[in-house]
Structures are given as structure tokens and as C-alpha cells.
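Below you'll find the structure, written out as C-alpha cells, and then a few comments.
The values are calculated or read from the model by the stated rules, or taken from the named source; none is laboratory data. Since we're looking at a predicted model, the values are computed, not measured. Backbone-built Cβ (ideal geometry, glycine too); neighbour counts: all protein chains shown.
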Amino acid sequence: MSSNKDARIRVVKDGPYMVIGNVPLIREAAVREGDRPPTKWRKVAEYPLKERYALCRCGQTKSSPYCDGSHAATKFDGTETAVRRTRREKPRLIKGPGVDMDPNAAPCARAQFCQREGGIGRLIADSGNKEKRDLAIEIAGQCPAGRLVIYDKIEGAPIEREIERSISVTEDPSRKISGPLWVKGGIVIEGADGEPYLTANSAALCRCGRSKRMPFCDGTHVEVGFNRTDDLK
Ligand code: FES
């Protein structure tokens, strides 16, 4: 995890995400060939750097990705329903010869990177091979939700790449779907009650307003075909 210790995100009750501390905001698109799983993220745009800003959480703004107050007009119910963990519990790991993996560290955002190369589970099973091991680590790092955490077999510690504290507004243009806000680098996320959620290297915050595990994305945006056409130009 990187510096900029003041960076934090506060969930506003039935309102937006308040982002504080000069957190860079960019837009990234998943790159796929046809209907195959995506293989990388491509930077599409960079927003002006601001000390603080409010990002839409209800999915109704006309100034995406920023909040324009639509949550009040639509009486958005943003009740936080995610299980609040205060520490990383001992995960049930999928064991491989080179590395192990926690496959369930966060709700699935359905970005599908884990389906590359026949599935990340297969890569873990073949992780005695350095190339497969490295690919598994790369793929886990592409998951915006931080659902897949790879563990070193000797140290027993997570293998996570150092990423700058930033937020990416994600999209999957091939599927014509707008995705969650990808929070990177261990930014503290506080609930509306001021209590922090467990800090993670990656976390996906819902911006369609439909998740059943608020404030985190649970993949519902795919089911409902969340599509901010202004994001997908
Ligand atoms: S953005 Fe994924 S569930 Fe809302």
C-alpha cells in the first residue's frame, strides 16, 4: 500500500461518496477480444485533481462520475448492508504448489479477469511453474473488487502489488456496461457512522445504486445492465 495517509472516502447516508485528500481520479476500461475474458485495463481519461469531491453512489447523476444531488430527488436508499469486518479473518485457502489463494476476500464485481487462461484456479493448481504463478498474481491484481488474494506459501503473507492511492471509474465497453469505482492502494473507507471498513489494497464501491452489499459492488450492475452512456463515449 502507498503513502498519502490522509486519503479517505466517507459514505454519506443515502448520498454520495465524499473523497478527501487529493485522491487521483481516472477512468479505466477493461480490454477484451470479442467475448473472451478481459486481459488488461486501459486508461481512458484522467479527471482534474481536487482536494475533495463527491462521487455518485445512486447511479442517477447527470454529471457522472460526480454527484449532482439526484439522490435527494429520487429518495435514494443507500443503507449499508455489507458485513463489517474489522480484521482479516483466517481465510479458507485454495492450495497450490507455488502459491495459495483466498478466493473469497470480498464480494465479486463480475469483472471476469479471473476467467483468463482457463480460470485462475487452474493457474493456482499449476503454480509450481513460475510463469503460471506470476500470471495468477497478475490476474488477482486486476480484480477491482480485491476478491482474490494470493498468499506466499513460506511467509504466509498476501502477495499484493504496490499501487498508488487512487480511484478508477471502471467500464467494460465490449459488454456496454459501466462498472464500480475501483478504490486502490488501501484508502480508508468509512461508513456513514464514521466507522471504517477493513482496509484493502483493492475495493470496489457500488456506483449503480443497486448492490445488495452496500457500499460495495456485488456485481448487480451487470444484471441490471448499468450503462452510463456518458461514460462510454
Ligand atoms: S456498481 Fe456493481 S453492484 Fe453497483
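The combined condition, being at pLDDT 95 or above, outside the structural domain of ARG110 (by TED's automatic domain parsing) and within 16 Å of VAL19 (Cα to Cα), is fulfilled by GLU190. Checked against the criterion of being buried (at least 19 other Cβ atoms within 10 Å of the Cβ), over 19 Å from SER64 (Cα atoms) and either within 14 Å of the ligand (Cβ to nearest atom) or at pLDDT below 95 (or both), the candidates CYS217, CYS206, CYS143 yield just one match: CYS143. Checked against the criterion of being in contact with a Phe, Trp or Tyr (Cβ under 9 Å, 6 or more places away or on another chain) and assigned by TED's automatic domain parsing to the domain that holds MET214, the candidates PRO48, PRO24, PRO107 yield just one match: PRO24. Of all the criteria given as (1) more than 16 Å from the ligand (Cβ to nearest atom); (2) polar (S, T, N, Q); (3) outside the structural domain of ARG210 (by TED's automatic domain parsing), the one not satisfied by GLN112 is (1).
Residue by residue through segment 174-183, note down the ones that are within 16 Å of the ligand (Cβ to nearest atom) and either among the hydroxyl-bearing types (Ser, Thr, Tyr) or buried (at least 17 other Cβ atoms within 10 Å of the Cβ) (or both). Passing the criteria: ARG175, ILE177, SER178, GLY179, PRO180, LEU181, TRP182, VAL183. Here GLU171 passes the criteria (1) closer than 23 Å to ARG36 by Cβ; (2) more than 12 Å from the ligand (Cβ to nearest atom); (3) among the charged types (D, E, K, R); (4) surrounded by 15 or more Cβ atoms within 10 Å (Cβ to Cβ) except the one numbered (2). Of the set (1) surrounded by fewer than 24 Cβ atoms within 10 Å (Cβ to Cβ); (2) part of a strand (DSSP E or B); (3) near the ligand (Cβ under 9 Å from one of its atoms), all apply to ILE189 but (3). Of all residues in segment 114-152, those satisfying the criterion of being in contact with an Asp or Glu (Cβ under 6 Å, 6 or more places away or on another chain) and touching a residue at least 40 places away in the same chain (Cβ under 8 Å) are VAL149, TYR151.
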